[in-house]
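J.: Have a look at this one.
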Amino acid sequence: MIEVNGLSGLYIVVDGIVGCGKSEQIKQLKEHLGLDFSERDFLFTYEPGGNPEADVLRQKVKFEKMSPVEEAKTFAESRAITIPQVVVPFLAREGVVVSDRSFTTSLAYQAFGRGLGINKVWEANEKAVGKIFPDVLVYMNVGLEASLKRSSGENPDKFDKEARGFWHKVVPGYAKMICFLKEISPNTKVIQIDDPKGEMNIEVMRLAIKSELYPIIREHLHEGRISRDRQV
């Protein structure tokens, strides 16, 4: 496997619009990965937030009204805390990090949903991200109508309450974000799960992700063993 960020761990990001089933699939990964790859340590984290300091910013950006620029900067400020404090140390110890969202979300939500443009949003995030790009992006491309029906939930944040016009810009924004990601991090592997009508149940979705993600994890474990053998 070609290294993406120069660290020995594996950085997996799961992304998609509200209601796409992302949180449930991360829960499934949490239940199964440790059993299926018992030789590797896993850390599950999330953005914005990820530690007490960044969680303060999480509450602010999810529930307070702010300008699009302030919103983008607050997301980036959270990343500037948790990437070096949470993600990097675990990757450096050969761990596998599974993150619920990353800068990829901002490159869809704020760049296109808020209309800031992808270059302006990346400029706000570039220093926070550094060279810590995901090894794998799992993008759950679930149809808008199905996703919005699922997104009301308890204690909805301001994104759950967004009007359809916002989402009609965000959804195509994800496709543009992926193109941009391939430019700035060409070795990031993208797993796109397409479910336009929201017909896949939890287990079918889990198996679809597993079929593409597990070979990448196995390859990474294999390459790690070879590297350690060479050191010996």
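The values are calculated or read from the model by the stated rules, or taken from the named source; none is laboratory data. Treat the numbers as computed from the prediction; the structure is a model and nothing was measured. No Cβ is skipped: glycine too gets one built from the backbone with ideal geometry, and neighbour counts run over all protein chains shown.
J.: Among VAL56, VAL97, which is closer than 26 Å to LYS158 by Cβ and of a type in the set (Val, Ile, Thr)?
T.: From the options VAL56, VAL97, the qualifying one is VAL56.
J.: From the list ARG40, ARG79, which one is of a type in the set (Lys, Arg) and buried (at least 23 other Cβ atoms within 10 Å of the Cβ)?
T.: ARG79
J.: Ok, one more. Go through (1) at pLDDT 95 or above; (2) more than 20 Å from VAL4 (Cα to Cα); (3) not small (Gly, Ala, Ser); (4) not in a loop (DSSP other than H, G, I, E, B) for MET200 and report which single condition fails.
T.: So MET200 meets the others, but not (4).
J.: Given the criterion surrounded by 17 or more Cβ atoms within 10 Å (Cβ to Cβ), among the aliphatic types (A, V, I, L, M) and touching a His at 6+ places or on another chain (Cβ under 9 Å), identify the matching residue among LEU144, LEU137.
T.: So the residue among LEU144, LEU137 that is surrounded by 17 or more Cβ atoms within 10 Å (Cβ to Cβ), among the aliphatic types (A, V, I, L, M) and touching a His at 6+ places or on another chain (Cβ under 9 Å) is LEU144.
J.: Can you find a residue in the stretch 16-25 that is surrounded by 19 or more Cβ atoms within 10 Å (Cβ to Cβ), touching an Asp or Glu at 6+ places or on another chain (Cβ under 7 Å), among the aliphatic types (A, V, I, L, M) and within 19 Å of ARG206 (Cα to Cα)?
T.: Within the stretch 16-25 (the criterion being surrounded by 19 or more Cβ atoms within 10 Å (Cβ to Cβ), touching an Asp or Glu at 6+ places or on another chain (Cβ under 7 Å), among the aliphatic types (A, V, I, L, M) and within 19 Å of ARG206 (Cα to Cα)), the answer is yes, since at least one residue qualifies.
J.: Just checking, which of GLY113, GLY198, GLY173 is in contact with a strand residue (DSSP E or B) (Cβ under 9 Å, 6 or more places away or on another chain) and either in contact (Cβ under 8 Å) with a residue 12 or more places away in the chain or crowded, with 18+ Cβ neighbours inside 10 Å (or both)?
T.: The conditions single out GLY198.
J.: So is LEU35 surrounded by fewer than 21 Cβ atoms within 10 Å (Cβ to Cβ), modelled with pLDDT of 95 or more and not in a helix (DSSP H, G or I) or not?
T.: The answer is no for LEU35.
J.: Give the number of residues within the stretch 125-175 that are in a helix (DSSP H, G or I) and either more than 16 Å from the chain's Cα centre (by Cα) or charged (D, E, K, R) (or both).
T.: 16
J.: Another question about this same structure. Output the residue which, of all residues in the stretch 1-32 that are in contact with a helix residue (DSSP H, G or I) (Cβ under 8 Å, 6 or more places away or on another chain) and in a helix (DSSP H, G or I), is farthest from HIS222 (Cα to Cα).
T.: GLU24
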